[in-house]
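Here the structure is laid out as structure tokens; the discussion comes afterwards.
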Amino acid sequence: MTTISTEHYKNKAKEAIKDDVLQSALAGLQNRLGPATAAMYKNLPEGDELRYKAHEVRMFALDNLDMLLEQLAQKIRQRGGNVFFARDQKEAVNYCLEITRRRKAKLAVKGKSMVSEEIGLNDALIKDGVKAVETDLGEYIVQLAGEHPSHIIAPAIHKTRNQIGSLFEEKLGISYTNDPPTLTKAARKHLRDAFLTADIGFSGCNLACAETGHITTLSNEGNIRLATTLPKVHVAIMGMERIVASLEDHDALFRLLSRGAAAQNLAGYVSYIGGPALDSEIDGPEEFHLVILDNGRSKILADEEFKEILCCIRCAACLNVCPVYGKIGGHSYGCTYTGPIGAVLTPLMTDIGQSKDLFQGESLCGACQDNCPVNINLPRMLLALRAKTAEGDPRWNIKPSSPVEKFIFSIWSKLISNRKAYDFFFRLARFGQKILPTKNGEIRKLPPPFSGWTLDRDMQQIASKSFIQKWKETQK
Ligand code: SF4
């Protein structure tokens, strides 16, 4: 799902900022989860050392990705599972459709999976005559509303219980209520029927381990376990970077993942899956498929500047502290991955030029890195993307930004590296600002090409004396 454009970003951001209900939901989420996650990290016996170790573990996996994926695939195949390497979303979707067609599937249940959002699996299944039912409560709500998730972990955070009550009344035919337990029970009743009659189950993968040859899924609702064990076929889809080398590395990441995602020691349900059910097992699918998706990740992996972004374990902790996400919400980004992670990952996976608002809109405050369980240096990469749009890069198919902008910045760069020229410029500007409209001592409107700066805010006037001048006077 992508609707990325400057127009979309600006319009949706404006709408979000004016939406009091959304603002209060986002503030509630950030006030609750941001500080709680920081406290969870602090209380770890290893403290921040575990986050640094997790970063090393992830970088090691990326450096050895080809061997680790092969090891994983081999182990799953030995247990009777199928592994398919998909180069892009089309190959991944086609592989899934081949299975549903062969099995004559009519109903699919899905565990929460951002990677299936990335490839547009639901739409493809529905077009092919397969009813796809999301089974995570938040995802189910969003699906009933005909929307997309607005947060990686809390997909329906933008909805109030009153809105959900009306939605369930309309779509599920129940009497209106805004009581969360009653709404949850109504959803569960519908979902239990789907679990029991589904032909196929789809899931994502939180992490895979090469040493043991399994994938792991986490949930707090138990829905993923039902979706992957009750139907006769289970298809798991994972981004090719979501793997670690050993069980020990896996353990380190796991201790951080739930803390980053929901400020929990561990999610309620953890499933280790390494193939179809064995003859001795009474439950589990008779057919297991793992789809390992590239979809632009190899290109990122090959670029030393951006490879680090593939350390991400999609916990959403960076969204929970980002001041930009906290105001504009997830739908403004117009893509699957939102917040700081989306502002770096989406441009690299799609088109840097087209997605430039995503990384130019972030504040560079650094809160995302501080709250990231893998200590990913998101601000560095946000800046690197900005530099690419300014200077251009043929490897990423980016042309340098407009000659006018380049000219303005080259003049600015000369000015700030020459004290005399700098002082002269500000003497002129101090004089020139007198003709600009002001209110309460602030400039209301700048002339083009700077007019955008004062569209929604006033600007401080240039002080009558510079800091250096004042400092010299004070010293005297
Ligand atoms: S960048 Fe870090 S905090 Fe953000 S989703 Fe990825 S792992 Fe979580």
Checklist outcome for this item: In degrees, nearest 10, the alpha-carbon axis of helix 20-42 is tilted away from the dominant principal axis of the alpha carbons of the chain by 80 degrees
Checklist entry - How large is ³J(HN,Hα) for each residue in region 463-476, as worked out from phi by the Karplus curve 6.51 cos²θ - 1.76 cosθ + 1.60 (θ = phi - 60°), to whole Hz, x for Gly and Pro? => result 5, 5, 10, 6, 4, 4, 4, 5, 4, 4, 5, 4, 5, 5
Item to check | Anchor LYS232: lysines whose Cα lies under 25 Å away (excluding residues fewer than 8 positions away in-chain) | outcome: LYS75, LYS90, LYS104, LYS106, LYS110, LYS112, LYS127, LYS131, LYS189
Item to check | Positive dipole terminus of the chain, leading residue within TYR272, VAL374, TRP396 (C-beta point charges) | outcome: TRP396
Item to check | Student exercise, region 44-295 dipole from Lys, Arg, Asp, Glu Cβ charges, in Debye to nearest 20 | outcome: 880 debye
Item to check | Added length on full extension, which subtracts the Cα-Cα distance from 0.36 nm per residue, ARG457 to ARG102 | outcome: 121.9 nm
Next on the checklist: Using helices alone, I'd like the mean residue ellipticity at 222 nm for the chain: each DSSP H run of four-plus residues gives -39500 (n - 2.57), total over residue count, nearest 500.
Outcome noted: -15000 deg cm²/dmol
Checklist entry - Which angle from 0 to 90°, rounded to the nearest 10, does the C-alpha axis of helix 247-262 make with the longest principal axis of the chain? => result 60 degrees
Checklist outcome for this item: If each part is reduced to its alpha-carbon centroid, region 179-207 and region 403-453 end up apart, in Å, by 58 Å
Next on the checklist: Let me spell out the model: positive unit charges on the Cβ of Lys and Arg, negative unit charges on the Cβ of Asp and Glu, origin at the Cα centre of the chain. What dipole size does that give, in debye rounded to 20?
Outcome noted: 2040 debye
Checklist entry - Roughly how many Å is it from the Cα centre of region 1-30 to that of region 385-401, as a whole number? => result 27 Å
Checklist entry - Just going by the charge dipole of the chain, with Lys and Arg at +1 and Asp and Glu at -1 on Cβ, which of LEU172, ALA124, LEU385 is farthest out on the positive end? => result LEU385
Checklist entry - Which of TYR325, TYR422, TYR9 comes first, and how do the rest follow, when ranked by fewest Cβ neighbours within 10 Å? => result TYR422, TYR9, TYR325
Checklist entry - Where does helix 419-432 land angle-wise versus the long Cα axis of the chain, in degrees 0 to 90, nearest 10? => result 80 degrees
Item to check | Per-pair calculated FRET efficiency, R0 = 45 Å: ASN397 and ILE435 via Cβ, rounded to 0.05 | outcome: 0.55
Next on the checklist: At R0 = 30 Å, how high is the FRET efficiency between ARG419 and SER464 if r is their beta carbon distance? Nearest 0.05 is fine.
Outcome noted: 0.95
Item to check | Net lengthening on full extension, ARG380/THR212 (0.36 nm per residue, minus Cα-Cα) | outcome: 57.0 nm
Next on the checklist: How would LYS420, LYS53 line up from fewest to most surrounding beta-carbon atoms within 10 angstrom?
Outcome noted: LYS420, LYS53
Item to check | Mean separation of Cα contacts under 8 Å, 6 or more apart, over the residue count of the chain: relative contact order % | outcome: 19 percent
Item to check | Size of charge dipole - region 1-79 - debye, nearest 20, with Cβ of Lys, Arg +1 and Asp, Glu -1, no other charges | outcome: 240 debye
Checklist entry - Tell me, what is the FRET efficiency for ASN178 and ARG32 to the nearest 0.05, using R0 = 25 angstrom and their Cβ-Cβ distance as r? => result 0.80
Checklist entry - Alpha carbon centre of region 339-368 versus region 252-270: separation in Å? => result 25 Å
Checklist entry - Most exposed first by the Cβ proxy, i.e. fewest other Cβ within 10 Å, how do ILE398, ILE462 rank? => result ILE462, ILE398
Item to check | Residue list for region 123-139, given a label point 7 angstrom along the Cα-to-Cβ vector of LYS90 and an amide N cut-off under 16 Å | outcome: 124
Item to check | Relative contact order of region 44-295, pairs being alpha-carbon contacts under 8 Å that are 6 or more residues apart, as % | outcome: 28 percent
Checklist outcome for this item: Length gained if GLU473 through THR350 is fully extended, taking 0.36 nm per residue and subtracting the Cα-Cα distance, is 38.8 nm
Item to check | Leading residue at positive end of dipole, the chain (Cβ point charges), from ILE328, PRO448, SER219 | outcome: PRO448
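Every read-out reported here was derived from the displayed coordinates using simple, explicitly stated rules and does not represent laboratory data. The shown structure was predicted, so the numbers you read here are calculated from the model rather than taken from an experiment. So basically every Cβ, Gly included, is an ideal-geometry build from the backbone, and we count neighbours across all protein chains shown.
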